[in-house]
1. Of the residues that make up the stretch 229-250, is at least one within 17 Å of VAL205 (Cα to Cα) and of a type in the set (D, E, K, R)?
2. If you check GLU416 against the conditions, is it within 29 Å of VAL333 (Cβ to Cβ), modelled with pLDDT of 95 or more and touching a Lys or Arg at 6+ places or on another chain (Cβ under 9 Å)?
3. Which one is farthest from the chain's Cα centre (by Cα), of the residues in the stretch 286-301 that are under 20 Å from TYR248 (Cβ atoms) and surrounded by 13 or more Cβ atoms within 10 Å (Cβ to Cβ)?
4. Which condition number in (1) surrounded by 15 or more Cβ atoms within 10 Å (Cβ to Cβ); (2) more than 46 Å from the chain's Cα centre (by Cα) is the one that SER348 fails?
5. Provide a single number: the residues in the stretch 306-364 that are out of contact with any Asp or Glu (no Cβ under 7 Å at 6 or more places or on another chain) and assigned to a helix (DSSP H, G or I).
6. Taking the stretch 206-216 as the region of interest, how many residues are surrounded by 15 or more Cβ atoms within 10 Å (Cβ to Cβ) and in contact with a helix residue (DSSP H, G or I) (Cβ under 9 Å, 6 or more places away or on another chain)?
Amino acid sequence: MTIGLFFAVGCGGSTGDKDCNALTVTTFLDADGDGYGEAGTDEESCGNPEGRSAQAGDCDDSDAEIFPGNFEFCDGLDNDCTGVADDDLPTAVYYPDTDGDTYGDHNAPIESCMELDGHVLDDTDCDDTDAEINIDGVEVCDGADNDCNGQTDDDDPAADPATMQDWYMDSDADGFGGGGFVTRCDGGSGATTDNTDCDDTNPDVNPNGLEVCGGLDEDCDTLIDDADPDLDLTTRTTWWIDNDADGYGDVLVSVDACSAPSGYADNADDCDDTDPIANIIDDWTIDADGDRVGTGPVVGNGCYQPYPGTTQAWRGDDCDDTNPDMFPGNEEVCDDGVDQDCSGDDQSCIAGSFNVHDGDAWGNNPPVYTCLEACALLFGGTIADYECSTSDQVVDNLAYLSGWGDATYCTTGADEDFKREDAANPGYDCGVPMCSYSAYVADNCAGAPDTYCWHVF
């Protein structure tokens, strides 16, 4: 826009400078012809010389569209010479979209009256370096917040199940799973994607295990010991043939195997593998009752019987060489008047008896016992040494029990291995009535009969 200015001046007889004796005006260089001159180019002029203007203030005298009072356009220029480009115009906030997914980074906003290249009005991108990550992204198992909802992988209910895996518990921490599985992005501590462990309680048993003698399938190929071609042969044992079945092998014939083949012994000590009586060179003693356990002085030395009615001294001393049913190691028959095992006396079938009322009171919070545990506690040994009975004549494998606040089993026996206690609070204090039963705790069974502990022979 060009604004023309006209000044009336009086000049005497000529318009030349020398003849301009009337009024003069100050003008400024107006190179772009927009009616505003450039400050600092002022000079006194007579009239209105071409290319100059009496108005100063043009901030860009090379562009006729830039001058004071002009309209401001959204072009990045100071069209009205106020000192600010694009001022007083409607603006919007733009955000950089570096990855080109049409979602912007809210961390770097720019306010502008015009669209900016590489910027968008959206500010919801949580990772502007990855075009797959935005609010319309699909949450997958990769550790990233793909859909920008502040949740990642398993914590995001929108996670795509197709990207998850089946995880199996690896209880023995050998890298192979065998327990129950879950489908997740991350199985958590103690989980693996492998489910090929055939025994998840033993870290030496897994598909990478070394097969050794011992009866286990260490490498999970369903083959065990000698049947497995992957067996570590160094774990085999040498066995010697035992033709006479006397427990002693022939040094001349042997095999290596995990378990003893039929007809083989674990030693090569037989001095005559055709005679079950002759096995090792030893002292011989009299065996009058033929139970192969002798007594008395040594009557010979060698591989063979010096004469019939003798046996090897290593077999021990017979407590009664007139009775073939009495010798060390024989099975004892209780209460029959015979000392079969040469222990010194005929053992009683009953180790002893007890009454449930003999134990501590429930109010003392005692341990809870089965009858078998009570027998071992009272008479020594382990639970495998006993059977329980409510009878002293025949074993019925029952026991009287005292219940906390309950007399159910005081006169009617329960199983010999029965007890009841709260797993979180062993003992009687389960928090509810009748929650505990024990074969050796006093409460409601003051008049109960005795329970008998029978030896197991």
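1. yes
2. For GLU416, the condition - within 29 Å of VAL333 (Cβ to Cβ), modelled with pLDDT of 95 or more and touching a Lys or Arg at 6+ places or on another chain (Cβ under 9 Å) - is not met.
3. Of everything passing the filter in the stretch 286-301, GLY300 is farthest from the chain's Cα centre (by Cα).
4. With (1) surrounded by 15 or more Cβ atoms within 10 Å (Cβ to Cβ); (2) more than 46 Å from the chain's Cα centre (by Cα) applied to SER348, the lone miss is (1).
5. Here the count works out to 6.
6. The number of residues fulfilling the criteria is 4.
The values are calculated or read from the model by the stated rules, or taken from the named source; none is laboratory data. These numbers come from a predicted model, not from an experiment. Cβ sites come from the backbone with ideal geometry, for glycine too, and all protein chains shown count toward neighbours.
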